[in-house]
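Asker: Have a look at the structure that comes next, please.
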Amino acid sequence: MKKLVIYPPVDDLRLQRILDAAQDMVVVNAADQATADEAIVEATAFFGKLTPQLLARAKKLEWVQSPTASLEHYLFPELVAHPCQLTNMRGLFYDVIADHVLGYVLMFARNSHIYLRQQMQSRWEPVGGEDARADFVNGPGQVNAIDRGALHLADCTLGIVGVGSIGGEIACRARAFGMHVLGVDPVRREIPDVLPEIWPIRQLPDLLASSDFVVIAAPHTPETEKLFSAQQFQQMRDSAYLINIGRGAIVDLAALSTALEAGQIAGAALDVFEVEPLPADHALWGMENVLITPHVAAASPRIAERHTETLLENIRRYINGEEFLTPADKQKWF
Ligand SMILES: NC(=O)C1=CN([C@@H]2O[C@H](COP(=O)(O)OP(=O)(O)OC[C@H]3O[C@@H](n4cnc5c(N)ncnc54)[C@H](O)[C@@H]3O)[C@@H](O)[C@H]2O)C=CC1
Ligand SMILES: O=C(O)C(=O)CO
């Protein structure tokens with residue numbers, strides 16, 4: 001008999017949809033730790049926050065569904081060694097996070113991050129310098145200071161590190177803005193009609209040297225942990241912006257702060273951090289060329305429904321013995 005344990009519990013509406021999908025499977029929506037501890041013993045499937053303590057009690061576990069796309073908090077050694085299949089919630093956030101990233105790109109290209117701060121202080125200071133307005137009044141004929149202060153997106157290259165569902169959609173949207181797009185990924189080699197060639201990871205230095213915007217859309221894995229440290233910032237253009245919506249652990253924040261202070265890169269937009277919330281006294285808060293959002297790149301009224309649909313589809317496939325929609329490789333962490 002297949003048995004699904006859910007812990008922490010889901011709300012009644014979601015539970016009803018799970019019960020409908022689960023057919024004659026036993027479903028325990030554990031309201032407390034004691035119920036979860038007891039139910040996990042005979043569970044064949046689990047959805048929620050699995051701990052080493054729960055796993056140690058499980059005798060029949062075949063499938064574990066993570067409630068998140070990222071898996072780093074899930075991959076304790078006992079689970080990696082366990083024969084159960086792990087699935088995640090990747091693929092839900094592609095359009096929402098791509099919008100968030102293009103929002104950052106547009107802000108930097110149009111200097112909105114600077115003008116927003118100026119507006120708070122009723123300051124009128126076109127980026128480009130003291131005489132920028134005079135240049136503007138002088139009219140066309142030469143590229144004036146205001147013009148030099150902004151970026152023309154169609155002249156820019158955006159490099160994506162991790163061209164999965166989110167990275168792929170960022171590529172589509174960036175192409176729609178006329179940008180040239182590069183990507184590195186260990187698995188995906190192309191996106192037809194969008195990115196004819198995706199480079200292997202060893203070409204990261206080439207991507208860094210060629211990009212005006214570098215976007216991290218990769219998971220936190222042993223390979224990506226602190227992938228962005230002092231050396232990578234040196235390899236980036238001093239006019240380039242770093243954007244991280246993947247995981248905080250991928251970027252060494254101390255090295256990033258140093259690179260920003262030294263003018264090694266032009267700026268950064270960050271949604272995820274090594275420590276969340278970012279401590280109030282962190283130097284990044286005060287930097288004019290840094291955009292900080294509090295891990296909200298995926299916020300959208302559509303995500304809850306997609307989350308439920310992924311879970312229900314994986315339940316259906318589990319019952320029918322089909323390949324899961326979002327299988328993860330526990331050894332690789334994604
Ligand atoms: N900021 C936020 O709120 C959110 C962040 N995320 C993060 O975004 C990540 C990606 O999500 P999806 O695109 O849905 O997952 P996905 O699994 O579709 O894409 C991940 C891509 O990263 C690639 N990858 C793996 N190791 C890599 C490496 N060493 N270097 C470069 N690329 C590598 C994979 O081959 C894959 O193509 C998640 O793992 C999660 O960490 C996901 C959801 C929300
Ligand atoms: O699912 C994830 O990994 C997230 O970051 C959700 O915000």
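Bear in mind that the values in this text are calculations on the coordinates, not laboratory data. Since the structure is predicted, the reported quantities are computational estimates derived from the model, not experimental observations. Glycine also receives a Cβ, built like all others from the backbone with ideal geometry; neighbour counts cover every protein chain displayed.
Yes or no, residue by residue, for (1) over 21 Å from VAL215 (Cα atoms); (2) within 16 Å of ligand 2 (Cβ to nearest atom); (3) not charged (D, E, K, R):
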{"position": "ASP252", "(1), (2), (3)": "no, no, no"}
{"position": "ALA255", "(1), (2), (3)": "no, no, yes"}
{"position": "TRP285", "(1), (2), (3)": "no, no, yes"}
{"position": "GLU322", "(1), (2), (3)": "yes, no, no"}
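Asker: Name every residue in region 275-298 that is surrounded by 15 or more Cβ atoms within 10 Å (Cβ to Cβ), within 14 Å of ligand 1 (Cβ to nearest atom) and over 18 Å from ARG117 (Cα atoms), in order of residue number.
Answerer: Result: LEU278, HIS295, ALA297, ALA298.
Asker: How many residues are β-branched (Val, Ile, Thr) and touching a Gly at 6+ places or on another chain (Cβ under 7 Å) if we restrict to region 216-249?
Answerer: 1
Asker: Provide a single number: the residues in region 274-287 that are closer than 24 Å to SER239 by Cβ and either part of a loop (DSSP other than H, G, I, E, B) or in contact with a Ser or Thr (Cβ under 9 Å, 6 or more places away or on another chain) (or both).
Answerer: 3
Asker: Are there any pairs with C-beta distances below 9 angstrom linking a residue in region 162-174 that is under 17 Å from LEU208 (Cβ atoms) to a residue that is outside any helix (DSSP H, G or I) and polar (S, T, N, Q), with the two at least 6 apart or on different chains, and if so which?
Answerer: Partner pairs satisfying both residue conditions: GLY162/THR224.
Asker: Here's a follow-up. Would you pick out the residues in region 189-208 that are over 27 Å from GLN231 (Cα atoms) and β-branched (Val, Ile, Thr)?
Answerer: Answer for region 189-208, where residues must be over 27 Å from GLN231 (Cα atoms) and β-branched (Val, Ile, Thr): ILE191, VAL194.
Asker: Still on this model: Considering only helices (runs of 4 or more DSSP H) fully contained in region 1-104, which possess at least 3 residues that are within 30 Å of the chain's Cα centre (by Cα) and under 30 Å from ASP271 (Cα atoms)?
Answerer: Correct list: 77-81.
Residue-by-condition table, conditions (1) farther than 19 Å from TYR318 by Cα; (2) in contact (Cβ under 8 Å) with a residue 60 or more places away in the chain; (3) small (Gly, Ala, Ser):
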| residue | (1), (2), (3) |
| --- | --- |
| GLN23 | no, yes, no |
| ASP32 | yes, no, no |
| ALA36 | yes, no, yes |
| THR44 | no, no, no |
| PHE47 | no, yes, no |
| GLN53 | yes, no, no |
